[in-house]
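Please read the structure below before turning to the comments.
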């Protein structure tokens with residue numbers, strides 16, 4: 001509309017032969033400009049500025065909502081990360097404890113096995129000593145019997161008399177029991 005008014009005014013000015021000065025104040029044109037602007041402002045406000053303002057407000061609200069959602073998501077992620085770290089720390093602590101317990105158990109088992117091995121070695125050593133002592137006693141007894149036989153035989157040959165075997169044996173056994181020394 002304004003462009004129509006300017007075009008009409010320009011055409012009228014050209015018809016009169018004078019030039020058009022757009023900066024020249026014309027009171028009638030100013031009044032009509034204000035009236036037309038006022039009448040055009042209401043529909044423009046309702047159909048142009050209103051939807052634009054509403055769209056801008058909606059966009060601002062969406063941005064604020066998105067920022068709030070992002071903040072909530074960040075907080076949730078931080079909380080989840082803290083919980084995950086806590087669980088990881090707990091798992092590490094449990095793993096350390098399990099390793100320590102396993103090490104302690106292994107050391108205890110090794111000590112138990114060592115003690116069992118020592119006990120078995122001591123038992124076998126004691127058994128071997130007992131067997132050695134028994135064999136030694138048996139060997140000494142056999143040697144003693146052999147010595148008695150030899151002594152009885154040699155004494156009988158020396159004496160050339162008949163002494164009964166039982167008396168000779170007693171004499172030799174007495175002699176040996178006293179360490180080979182006479183009474």
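Restricting the stretch 1-24 to residues that are in contact with a helix residue (DSSP H, G or I) (Cβ under 8 Å, 6 or more places away or on another chain) and surrounded by 10 or more Cβ atoms within 10 Å (Cβ to Cβ) leaves a set whose member that is modelled with the lowest pLDDT is 20. Say whether the condition of being assigned to a helix (DSSP H, G or I) and touching a helix residue (DSSP H, G or I) at 6+ places or on another chain (Cβ under 8 Å) is met by at least one residue in the stretch 98-118. Looking through the stretch 98-118, none of the residues is assigned to a helix (DSSP H, G or I) and touching a helix residue (DSSP H, G or I) at 6+ places or on another chain (Cβ under 8 Å). I want to confirm something. Restricting to the stretch 124-176 and keeping residues that are exposed (fewer than 10 other Cβ atoms within 10 Å of the Cβ) and assigned to a helix (DSSP H, G or I), which single residue is modelled with the highest pLDDT? The selected residue is 166.
The values are calculated or read from the model by the stated rules, or taken from the named source; none is laboratory data. Keep in mind that what you see is a predicted model, and the values were worked out from it rather than measured. Counting neighbours? That spans all protein chains shown, and the Cβs are built from the backbone with ideal geometry, glycine included.
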